[in-house]
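Novice: Just dropping this structure here.
The values are calculated or read from the model by the stated rules, or taken from the named source; none is laboratory data. As the structure is a prediction and not an experimental result, all values here were calculated from the model. Cβ coordinates were reconstructed from backbone atoms using ideal geometry, including for glycine residues, and neighbour counts include every protein chain displayed. Surface accessibility is based on the protein's heavy atoms, side chains included, excluding ligands, DNA and RNA. Shrake-Rupley method; radii C 1.70, N 1.55, O 1.52, S 1.80 Å.
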Amino acid sequence: MSKIRIDAHKLMFHVDTVNKWLKGERFFPIYVEVGPSGTCNHRCIFCALEYLGYKARYIDSEIFKKRIQEMAKGGVKSIMYAGEGEPLLHKDIEALIGYTKGCGIDVAVTTNGVLINNRIGRESLKALSWIRVSLNAATRETYAHVHGTHADDFNKVLHNLEQVVSTKRRYNYGCTIGVQLLMIPENYQETEQLANILKEIGVDYFTIKPFSKHPLSSHCLDKNFDYMQMLSFQEGLNELASENFSILFRDRTMMKLKKKRGYGCCLGLPFWAYISSDGGVWACSAFLGKEEFFYGNLYEERFSEIWEGPRRKKVLDMVENQLDVSKCRDVCRLDEINRYLWELKNPHPHVNFI
């Protein structure tokens with residue numbers, strides 16, 4: 001399951017696009033993250049985007065379908081529906097999933113899992129490359145506290161996972177089914193217990209990641225909680241792994257929290273974009289709502305006009321020349337990409353000795 005490369009990057013599979021970047025040529029992003037819904041049915045105690053206020057807004061399906069067409073023609077390879085709210089709260093999410101795949105774009109979903117059986121039918125599961133459920137406890141009581149919801153949701157999520165695993169196996173679908181736990185003081189002692197539950201259900205993988213503070217979020221981690229002390233959990237978890245059930249313990253990411261970044265500026269923004277539930281196109285999900293990271297709005301312009309427009313150029317110039325990456329989110333989504341691109345731009349003098 002290391003081929004998923006959750007703790008790495010995948011730009012080596014997009015050599016042509018990287019070469020365009022090196023030459024300063026134009027290209028569309030490889031990957032786009034979309035928030036179909038601004039609201040959420042949970043109030044997780046670690047939520048990075050609670051500062052946006054969980055607004056009950058939903059991306060316009062008809063307009064967005066037109067933008068999906070444009071993105072596909074421009075070379076966008078993948079779209080993940082996740083965002084600042086719960087994506088399955090969008091009433092047309094199944095249609096958007098099917099339409100995205102139909103346009104030739106790989107599609108995935110990250111969800112809290114409560115609404116899977118209401119929104120992810122056979123055709124959606126068939127279209128998805130992967131679906132990942134955020135499940136951050138192994139007991140009803142801890143789940144209710146961490147997710148900020150009713151304890152009954154815990155049972156719903158487990159039942160929904162059983163159903164999608166059953167459907168995948170029955171129809172031999174290729175969708176990878178994963179579960180992610182954000183390890184925090186409130187749940188770390190239940191990690192192995194959850195791994196056993198998920199192995200019994202039959203999901204493909206279980207990943208454990210550390211908390212990383214969002215620059216604009218009020219949520220913080222207990223300062224006495226040390227991820228270096230959590231590394232000992234890896235051995236017990238690895239014993240639960242099997243040929244059909246992978247454990248992805250993100251120890252490398254945990255160790256990065258203690259290290260300085262290996263690059264002087266953010267170089268990865270041209271390879272991805274974030275689209276919010278109000279149609280906004282943003283440079284970085286760590287700065288949603290901050291005007292200086294705003295490219296434009298899909299309700300007012302075509303994606304190509306936004307992507308190739310002067311506002312985006314201004315944002316990228318600001319990021320390259322003014323942004324202090326030491327104040328960005330720790331181990332952000334683009335961290336590994338930035339390390340790779342920084343080396344390409346600033347190679348060691350011995351690189352020819354292969």
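Novice: Using only Cα atoms, locate the centre of region 234-272 and the centre of region 167-213, then give the distance between them in Å, rounded to an integer.
Specialist: Region 234-272 and region 167-213 have Cα centres separated by 15 Å.
Novice: R0 = 22 Å: FRET efficiency of residue 313 with residue 343, Cβ-based, nearest 0.05? Don't jump to the answer; show the numbers that get you there.
Specialist: Numbers: r = 25 Å, r/R0 = 1.13.
Plugging the Cβ-Cβ distance into 1/(1 + (r/R0)^6) gives 0.35.
Novice: What's the ranking of 60-68, 314-322, 334-342 by average number of surrounding C-beta atoms within 10 Å, highest first? Can you show the working numbers first?
Specialist: Numbers: 60-68: 16.7, 314-322: 13.8, 334-342: 21.1.
With the highest mean Cβ count within 10 Å placed first, the list reads 334-342, 60-68, 314-322.
Novice: Would you kindly state how much longer the chain becomes between residue 240 and residue 259 on full extension, computed as 0.36 nm times their sequence separation minus their alpha carbon distance, in nm to one decimal? Walk me through the numbers on the way to the answer.
Specialist: Details: separation 19, 0.36 × 19 = 6.84 nm, distance 2.96 nm.
Gain on stretching residue 240 to residue 259: 3.9 nm.
Novice: Would you work out if region 238-354 is rounded, prolate or oblate? Take a ≥ b ≥ c from the square roots of the eigenvalues of the alpha-carbon gyration tensor; rounded if a/c is under 1.5, else prolate when a/b is larger than b/c, oblate otherwise. Don't skip to the end; give the middle numbers.
Specialist: Working: a/c = 2.10, a/b = 1.39, b/c = 1.51.
Oblate shape, in that a/c is at least 1.5 and b/c is the bigger or equal ratio.
Novice: Right, next: Mind ranking 83-91, 114-122 by how tightly packed they are, going by the mean number of other C-beta atoms within 10 angstrom, highest first?
Specialist: Numbers: 83-91: 23.6, 114-122: 18.0.
Averaged packing, sorted descending, gives the order 83-91, 114-122.
Novice: Find the relative contact order for the chain and round it to a whole percent, using C-alpha pairs within less than 8 Å whose residues are 6+ positions apart.
Specialist: Numbers: 583 pairs, mean separation 66.4, N = 354.
After rounding, I find 19 percent.
Novice: With a 1.4 Å probe and every protein chain kept in, tell me what percent of the accessible surface of region 82-164 is carbon plus sulfur. Mind showing how you got there, number by number?
Specialist: Details: 1430 of 3040 Å².
On region 82-164, the fraction of accessible area on carbon and sulfur atoms equals 47 percent.
Novice: Still on this structure, please answer the following. According to the Cα gyration tensor, what semi-axes, each the square root of 5 times an eigenvalue, does the equivalent ellipsoid of the chain have, listed from largest to smallest in whole Å? Before the final figure, lay out the partial values.
Specialist: On the way: eigenvalues 186, 130, 85 Å².
Sorted largest first and rounded, they come to 30, 25, 21 Å.
Novice: Can you give the Rg to Rh ratio for region 178-220, taking only C-alpha atoms and Rh from Kirkwood?
Specialist: Details: Rg = 12.5 Å, Rh = 11.6 Å.
With Rg and the Kirkwood Rh in hand, the quotient comes to 1.08.
Novice: Take the Cα pairs of region 231-296, get the Kirkwood Rh, then feed it into Stokes-Einstein at 4 °C and 1.567 mPa s and tell me D in µm²/s.
Specialist: Working: Rh = 15.5 Å.
Using the Kirkwood radius from Cα pairs, D works out to 84 µm²/s.
Novice: How big is the C-alpha Rg of region 1-83 next to the rule-of-thumb value 2.2 N^0.38 Å, as a ratio? Could you put the intermediate results ahead of the total?
Specialist: Working: Rg = 16.5 Å, N = 83, 2.2 N^0.38 = 11.8 Å.
Region 1-83 yields a ratio of 1.40.
Novice: Further, regarding this structure: Mind giving me the nanometre distance, one decimal, between the label points for residue 139 and residue 165, set 7 Å out from Cα along Cα→Cβ?
Specialist: Taking the simple label geometry, residue 139 and residue 165 are separated by 2.2 nm.
Novice: Using a 7 Å offset from the Cα along the Cα-to-Cβ direction at both residue 353 and residue 123, what is the distance between the two label points in nm, to one decimal?
Specialist: 6.0
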